Each structure stands twice: as C-alpha cells, then as structure tokens.
Amino acid sequence: MTAILTACTQRKRVTHNPLLSARDLPCGTLSEVAKTWSERLRTAEATGPARDLYAGRSFGEASKASNTAGADLYIVSAGLGLVHRDDAVPSYNLTVSRGDADCVMPKLPDGCVEADWWAALGGAEALVSMVEAAPHVVVIGLPSPYLRMIAPALAQLSGEASGKIRITGGRFASELDPRLEAARLPYDDRLDGPDSTLPGTKSDFAARAARHFIENVLLQEPTAGIDIHRGQVEAVMSTWTRPIAKVGARLSDAEIKSIVREHWARAEGRTTKLLRILRDELNVACEQKRFQGLVAGVREEKAL
C-alpha cells in the first residue's frame, strides 16, 4: 500500500485547547520544552481523528489522493510529530513558522533548528520506522519548510528505503541529501499553467503535485522505479505551457489594511497566511517588511 505525507495546517476545524498554545510554554532546553509540551498533549482531550482536524486546500488535496489510491495518509505536524489520519488528536496552536505568536522556536536555545524540535517530539524516529516498513512507494508532498524539517530523518534511511521515496514539493529546500534530490519528481510551475488539471496557489503546490502524481502516474505504474516515474511525470507535463507572470497591483497602505481586516478571521490573524492571500489570490504586490508593519497595525487596532 502506498503512503502519503502531507503537512499540518494552521487552519483547524476545531477551536484549539487553551492549554495547548506554544506562546504559553516556558523557555528552556530542547528536552525541557519538548517534555512540557508532550505532558500537556497527554492530558489534553482528543477532539477526533486527525483527518477531521485540519482544514484548507492543501490537506484536502492530500486526502483526495489518499482516498483515490486507498493509501495511508500521514501528517507531518509541528505540534504532534508524525500522525496517521485516523489517530485521535487534540486541537492545538504550535508552529515552527517564525514570526507567529505560537512559534515554538523562540522558546528553545539559540542554535536549535526545526528538525531538532521535530525529532524531540519523536517525529523523526516514527518517520524512519514508517518508511522502512512501507511495502511500496511513499509520496512526500510537503512545502519547503516541512521538507527541511524532516530531511535529517530521511537521510537516516537505508538505501532500499530511500528508493521508495517520491518527493513532489519542497522546490525551495536546497542542499538535501543526494539520495533525496534523486527522489524529486520534476514538477514545476507548469502545474499552475493554463493546461494543468490541478492549478492552484504556491501554498498548496506540493499537495496538488502529490495528487497529480498518484492519480496519473503511480496508479498506472505502482512498482516502477524513480527513473520511470520521473520520465512519466515529464511526459505528462511536456505539452503544458507555463503560466503567464502577472504584475501584482500596488495599493496604498489604507487599501492593504482594508484587505487585511476583511480576511483577518479567515487567516486567524496570521501574517504568513494573510500575505499568501494578498499575493496568490488577490495578486496584490507588497514588500514583506511593509506588509508585516501593516498587519501589526491592524493587530493593535483589534487589541484596543
């Protein structure tokens, strides 16, 4: 049976447990912070299976691919480690995205990276065990930050196990182990062009590519090697044209603040999500530092 890896999402269908917010964690060593968080998870009540917790198109595309292929779906979670779609889990607020109020990284000593935190949660060990035991292909549809987070664990795989991996995302995760680079499928911006069957935004690129690969290549050639799979992906996209680059509209500070207020609830006030909406969905150009300042201003308004 095929296995699929997708990323957790900040958008959740259930309000988070008030005891499970990274902002409330004390600072400490990596082991101390991980132990405190793990103890809180153990005492928290589950809201249901993981498949019912996460929201958003990225998770939806991975779920569709899992259902179509009858594949196991695993979620790479910054707060829970490695989670199967059927695992009972609580709702939580913890991320490794810098700048977010619930980013756990400022709680850790200088020098700690995202992969260290995920390993401390047990995610790395669980991932290696899962891939080593997987009978067939493991499709990794993760955005770049999450691929970088699990890359050290994947580098521990045996040669046979690493041959099972197919990576559809992480286009901006560079300097990976050579075996991981060899496992990349050649998906590029043609997936977002006018001929694509699954266009979308950059934030859900990895999951869409994973679904496309599973439905259009893997189901037809489930036991083929990476070279055949790469060739078939390239053959499918060979007639696709690339999207025409759009010049983002430039708006005043007041206009951008108005957009931020309009989409505040949907993005849960998260700067990164708001910026994705602004750029990818509304095609509005705004320099990141400027945008962060405007979002901070709206946040202050709402705190009054």
Which pairs do you get when a residue that is outside the structural domain of Thr272 (by TED's automatic domain parsing) and surrounded by fewer than 20 Cβ atoms within 10 Å (Cβ to Cβ), found in region 85-100, comes within reach of a residue that is at pLDDT below 95 and charged (D, E, K, R), reach meaning Cβ atoms under 7 angstrom, with the pair 6+ apart or on two chains? Ser91/Lys12
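Could you grab me the full set of residues in region 166-183 that are without any contact (Cβ under 8 Å) to a residue 40 or more places away in the chain and surrounded by 15 or more Cβ atoms within 10 Å (Cβ to Cβ)?
In the first step, residues of region 166-183 are kept if they are without any contact (Cβ under 8 Å) to a residue 40 or more places away in the chain; the result is 167, 170-181.
Passing the criteria: Ile167, Gly170, Arg171, Ala173, Leu176, Asp177, Arg179, Leu180.
Matching residues to (1) over 25 Å from Asp110 (Cβ atoms); (2) surrounded by 20 or more Cβ atoms within 10 Å (Cβ to Cβ); (3) of a type outside the set (A, V, I, L, M, F, W, C); (4) out of contact with any Asp or Glu (no Cβ under 8 Å at 6 or more places or on another chain):
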position: Thr2; (1), (2), (3), (4): yes, yes, yes, no
position: Leu5; (1), (2), (3), (4): yes, yes, no, yes
position: His16; (1), (2), (3), (4): yes, no, yes, yes
position: Leu30; (1), (2), (3), (4): no, no, no, no
position: Thr36; (1), (2), (3), (4): no, no, yes, yes
position: Glu45; (1), (2), (3), (4): yes, no, yes, yes
position: Gly48; (1), (2), (3), (4): yes, no, yes, yes
position: Asp52; (1), (2), (3), (4): yes, no, yes, yes
position: Ser58; (1), (2), (3), (4): yes, yes, yes, no
Determine whether Leu80 is within 21 Å of Glu268 (Cα to Cα) and crowded, with 19+ Cβ neighbours inside 10 Å. yes
Selection count, region 239-276, where residues are at pLDDT 85 or above and in a loop (DSSP other than H, G, I, E, B): 10
Among Thr9, Thr43, Thr36, which is free of Cβ contacts under 8 Å to residues at least 60 places away in the same chain and in contact with a Gly (Cβ under 6 Å, 6 or more places away or on another chain)? Thr9
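Hey, among Arg290, Arg270, Arg279, Arg230, which residue is assigned by TED's automatic domain parsing to the domain that holds Pro178 and among the charged types (D, E, K, R)? Explain how you work it out, then say what you get.
Values: Arg290 fails: assigned by TED's automatic domain parsing to the domain that holds Pro178; Arg270 fails: assigned by TED's automatic domain parsing to the domain that holds Pro178; Arg279 fails: assigned by TED's automatic domain parsing to the domain that holds Pro178.
Being assigned by TED's automatic domain parsing to the domain that holds Pro178 and among the charged types (D, E, K, R) holds for just one of Arg290, Arg270, Arg279, Arg230, which is Arg230.
Here is a list: Val89, Val96. Which entry is of a type outside the set (Gly, Ala, Ser) and within 27 Å of Ala155 (Cα to Cα)? Give the steps one after another, and end with the answer.
Numbers: Val89 fails: within 27 Å of Ala155 (Cα to Cα).
The match here is Val96.
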Picked from region 204-228 (must be surrounded by fewer than 20 Cβ atoms within 10 Å (Cβ to Cβ) and within 24 Å of Ile150 (Cα to Cα)), the residue nearest to the chain's Cα centre (by Cα) is Ile226
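The values are calculated or read from the model by the stated rules, or taken from the named source; none is laboratory data. Given the structure is predicted, the values throughout are model-derived calculations rather than measurements. Quick reminder, even Gly has a Cβ in these numbers, built from the backbone with ideal geometry, and neighbours come from all protein chains shown.
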